[in-house]
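Structure first, then comments.
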Amino acid sequence: MSAGDLTREAVGTVRTGPEAADRAAESPAGPPMSYVYGVGRDDGSFRRLVRTMSGVDGHGVRLVAGGGLVALTSPVPGEVFDEAALRAQLEDLARLEAIARAHHAVVDAAFAEAVVLPLRLATVYLDESRVADMLAHHRGRFTESLAWLDGHVELGVKVHADPEAMAPPAAAPRATTAGASSPGRAYLEQRRQRRRSTEDLYRAAGAVAVDVTNVAQALARATVVHRPQRGELSGRRGVNLTNHAYLVPADDAERFRAEVGAVVGSAPGVEVEVTGPWAPYSFAAPGTAEAGAEGAGGDGNQGGDGAEPR
């Protein structure tokens, strides 16, 4: 299972446990920095989150307004989230997962209230005034993106091929003439049959993938092609052949799921997985919050190189 898929399953308030609080307690307190989860419209939709939601390391969610927009933020200790400390945390997979779960829990809770533009994982500013400056600087781009995303959800579609799900090749018939066959020849024949069966499976899966893409794109407003997930990252047995994200009108989500899911038909060993609906992680313009910033300089964005959601 990918980090994106794993964190998208997080629901509700996520706390990362006492180890994060211990790290903060061991360091001298400094001025708080501002961790930013996403951007939405300043229309009152997110006020409930301020009263009920906690984010990274259990820090409360706050709103920073500017130019008709609002950023969902949490005040975080500078000694835990400055550039060097943040980079070290993102190299710790357990810590990265905890931050990612908290980040996406806030984004998903916000998306349940109104359209939201998710920002990149581990986007941190020096203070709230820098966040307000960011909103003002990117006001036009954010406003346009929110209008484009409004009323839509993200749905993921993956096509998997599982050779283990195929029926085993039939045993070679016994030779009627003595010496015409042998255990070695029978074994090689089974290997050839198994190879042909696997090749047939991948051809069938490729055809299903093409049909799935055609059906999905006809129902979607936009598509993002992600890299297929390999091995344990896919969370599935077999091979992930395609991994796409689609921006779909919210009212059409169930139709999308039904029509795409029906494409696989009776192809043995081929599976079509439809996930979501999610907040539009794949359709948030990459790097908008980080534009013009270098580390803690520039416009004050710490913007870590954390994993983004697939």
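The values are calculated or read from the model by the stated rules, or taken from the named source; none is laboratory data. Model, not experiment: these values are computed from the prediction. Using ideal geometry, Cβ is built from the backbone for each residue, glycine included, and neighbour counts are taken over all protein chains shown. Side chains are part of the model used for accessible areas, which takes the heavy atoms of the whole protein and leaves out ligands, DNA and RNA. Shrake-Rupley method; radii C 1.70, N 1.55, O 1.52, S 1.80 Å.
What net charge do the residues around V115 carry, taking every other residue with its C-beta under 11 Å from that of V115, with Lys and Arg at +1 and Asp and Glu at -1?
-2
Arrange the residues W148, W278 by how much accessible surface each exposes, largest first, with a 1.4 angstrom probe.
Ranked from most to least accessible, the order is W148, W278.
Mind listing the phi-derived Karplus ³J(HN,Hα) values for segment 208-219, rounded to whole Hz, using 6.51, -1.76 and 1.60 with θ = phi - 60°, and x for any glycine or proline?
Along segment 208-219, the couplings run 4, 4, 5, 5, 4, 4, 4, 5, 5, 5, 5, 9 Hz.
Ignoring ligands and nucleic acids, what accessible area does D211 show with a 1.4 Å probe (Å², nearest 10)?
We get 80 Å² for D211.
Show S34, S45 ordered by accessible area, largest first, where the area counts protein heavy atoms only and the probe is 1.4 Å.
S45, S34
From the Cα gyration tensor of segment 68-149, with a ≥ b ≥ c the square roots of its eigenvalues, which class applies: rounded if a/c is under 1.5, or else prolate if a/b is larger than b/c, or else oblate?
Oblate, since a/c reaches 1.5 and b/c is not below a/b.
List every residue whose amide H lies under 5 Å from the amide H of M53, counting only residues 5 or more places away in sequence or on a different chain, with H placed 1.01 Å from N in the peptide plane.
For M53, the qualifying residues are V61.
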